[in-house]
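Below: one structure, written as structure tokens.
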Amino acid sequence: MRKAGKERLLDILLNFRTVKALDIALEKSSTYQEALRQQDRVYERLEKAGLSKEQTMIVERVISAVTHCGAIYGKVAYRLGMQDGVRLIRELKKIK
């Protein structure tokens, strides 16, 4: 398979695993569910803090930027791990 075909296959697998399979895994994860509850509690505190509309908007933008950065980091790390896995399989086949 050519490199472009391998990259496309990797992208398809990446999208499936980071959307559908991830949603299922997160739903089953008690650690993640507890993190969501903690997040809800913190957001409630933020709402009660009495910030102005402008201050609230700034905080929301910061949270969005941090969340986006973390999501991109996770996607890049997952892709790198998948590439390492594919490379490892190829090397193991050469050893046999």
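Treat every Asp and Glu Cβ in the chain as -1 and every Lys and Arg Cβ as +1, leave all other atoms uncharged, and give the resulting dipole magnitude about the Cα centre to the nearest 20 debye. Once rounded to the nearest 20, the dipole reads 860 debye.
Leaving out ligands and nucleic acids, and using a 1.4 Å probe, what accessible area per residue does segment 35-91 come to in Å²? Please report the intermediate quantities before stating the final value.
Working: 4950 Å² over 57 residues.
Here the residues of segment 35-91 average 87 Å² of exposed surface.
For segment 1-95, applying the loop criterion from DSSP together with a ceiling of 10 other beta carbons within 10 Å to the trypsin sites (Lys or Arg not before Pro) yields Arg2.
Distances between every pair of Cα atoms in the chain, grouped in 10 Å steps from 0 to the bin holding the largest one, split as 12, 29, 27, 18, 9, 4, 1 percent. Between the residues Ala35, Ile72, Ile89, the greatest Cα displacement towards the positive end of the dipole of the chain, with unit charges on the Cβ of Lys, Arg, Asp and Glu, is found for Ile89. Shown for the chain: the carbon plus sulfur share of the solvent-accessible area, taken with all protein chains present and a 1.4 angstrom probe, equals 61%.
Evaluating 6.51 cos²θ - 1.76 cosθ + 1.60 at θ = phi - 60° for every residue in segment 75-83, the Karplus couplings come out as 5, 5, 5, 5, 4, 4, x, 5, 4 Hz, glycine and proline recorded as x.
The values are calculated or read from the model by the stated rules, or taken from the named source; none is laboratory data. Keep in mind that what you see is a predicted model, and the values were worked out from it rather than measured. Every residue, glycine among them, receives a Cβ derived from its backbone with ideal geometry; neighbour counts consider all protein chains shown. Just the protein is used for accessible areas: all its heavy atoms, side chains included, with ligands, DNA and RNA removed. Shrake-Rupley method; radii C 1.70, N 1.55, O 1.52, S 1.80 Å.
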